[in-house]
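The structure appears below as structure tokens.
The values are calculated or read from the model by the stated rules, or taken from the named source; none is laboratory data. Worth saying up front: this structure is predicted, and the values here are computed from it rather than measured. Methodologically, a virtual Cβ is constructed for each residue, glycine included, from the backbone with ideal geometry; neighbour enumeration extends over all protein chains shown. Just so you know, the surface numbers come from the protein's heavy atoms only, side chains and all, with ligands and any DNA or RNA stripped out. Shrake-Rupley method; radii C 1.70, N 1.55, O 1.52, S 1.80 Å.
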Number of protein chains: 2
Amino acid sequence: MSIIRNFDKKLRSVGLRPTRQRLDICEVLFDRKETFHFTIDDLRKILKTKLHTKISIATIYNTINSFKHKGYIKEISLNSEKTYFDTNVTNHHHFYNETTNELIDFHDSDVEQLKLRKNLPGKKIKSIEVLVKVANK
Amino acid sequence: MSIIRNFDKKLRSVGLRPTRQRLDICEVLFDRKETFHFTIDDLRKILKTKLHTKISIATIYNTINSFKHKGYIKEISLNSEKTYFDTNVTNHHHFYNETTNELIDFHDSDVEQLKLRKNLPGKKIKSIEVLVKVANK
DNA sequence: AAGCACTTTAGAATCGTTCTAATATATTGA
DNA sequence: TCAATATATTAGAACGATTCTAAAGTGCTT
């Protein structure tokens, strides 16, 4: 059972046709052990240089937006010029290195007791994200 | 001692000349009891409709960027099309209502034990921000 | 009041992202 | 297998927030 086959299923199961472009993007995003943080431009460069595949910028945006809506990736809440995405969709948080623009994961278990004392009546909590900004000493 | 006088001092103390434009912007941002969350466009509208003052968009951006660098306001880490600023520069966090795009403060004391177990050698922590995304039920 | 530094301004430029509508590809059903 | 239909891709235009440019205006010092 090839990886391609898996991605094929992964796409079909959420109603997306497994096109060459989407399979290539899956390969970059999901064929790896570690969490992957990326911008659209990062992804575009990897597709070009590592996979030698040319996908139009519109398709890259379309695909990434689909994947986000389907829950395969998530957008990181962070104010930078570019939007960062994360292939790790589990509950976790980030260090953001302002010197290098690098993102590093940390897990719920790395924070003590993230319990809110305040609640908002009539609202439901969608997510809780912690962002720790750091700089090189 | 007028408010204008105070803003005059506030500006001079960080090396900014108290121009009409900057004083008008100070009035909108700082002449209020509550925390103020705003986008550039919010500010522009208030200047126009409430103060009946016309300030070029370039000046609004320049001033807000100066105020940010001087520590009089801060930018909120949040991925939305527009950048949000906050006149509350103390340690605190935000609820972001995705239904209404509204921001609501909550304080350090509203979160239990925000202590990190993980640390990054060779880095210094600049800020810790918690963002709780909510939606209307 | 003159001179200099700083500030404001309109409009152009930039850049990330989305839109458009024409072309191509995948899927379905006969 | 071969249309017919639905979905996807694409180049390039458009958009929108923000920054840049360089010319004109203002505030401050002497």
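Quick look at the numbers
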{"item": "Answer from B:Lys133, B:Lys137, B:Lys70 - the residue that is within 14 Å of chain A (Cβ to nearest Cβ) and within 29 Å of A:Asn97 (Cβ to Cβ)", "result": "B:Lys133"}
{"item": "Elements of type helices (runs of 4 or more DSSP H) contained in the stretch B:1-90, each with 1 or more residues being closer than 24 Å to B:Ile128 by Cβ and within 15 Å of DNA strand C (Cβ to nearest atom)", "result": "B:57-69"}
{"item": "Where a residue in the stretch B:16-44 is free of Cβ contacts under 8 Å to residues at least 12 places away in the same chain and more than 14 Å from chain A (Cβ to nearest Cβ) and its partner, wherever it lies, is among the basic types (Lys, Arg) and within 11 Å of DNA strand C (Cβ to nearest atom), with Cβ under 9 Å and at least six apart", "result": "B:Pro18/B:Arg12"}
{"item": "Identity of the residue in the stretch A:19-56, in contact with a strand residue (DSSP E or B) (Cβ under 8 Å, 6 or more places away or on another chain) and among the polar types (S, T, N, Q), that ends up most open to solvent (accessible area, probe 1.4 Å)", "result": "A:Thr35"}
{"item": "Hits in the stretch A:66-108 - residues which are within 16 Å of DNA strand D (Cβ to nearest atom), free of Cβ contacts under 8 Å to residues at least 12 places away in the same chain and either surrounded by 13 or more Cβ atoms within 10 Å (Cβ to Cβ) or more than 17 Å from A:Val14 (Cβ to Cβ) (or both)", "result": "A:Asn79, A:Glu81"}
{"item": "Residue within the stretch A:31-54 that is among the hydroxyl-bearing types (Ser, Thr, Tyr) and either under 22 Å from B:Lys126 (Cβ atoms) or within 16 Å of DNA strand D (Cβ to nearest atom) (or both) present", "result": "yes"}
{"item": "Among (1) within 9 Å of chain A (Cβ to nearest Cβ); (2) assigned to a strand (DSSP E or B); (3) in contact with a Phe, Trp or Tyr (Cβ under 8 Å, 6 or more places away or on another chain); (4) not charged (D, E, K, R), the one test that B:Leu103 misses", "result": "(1)"}
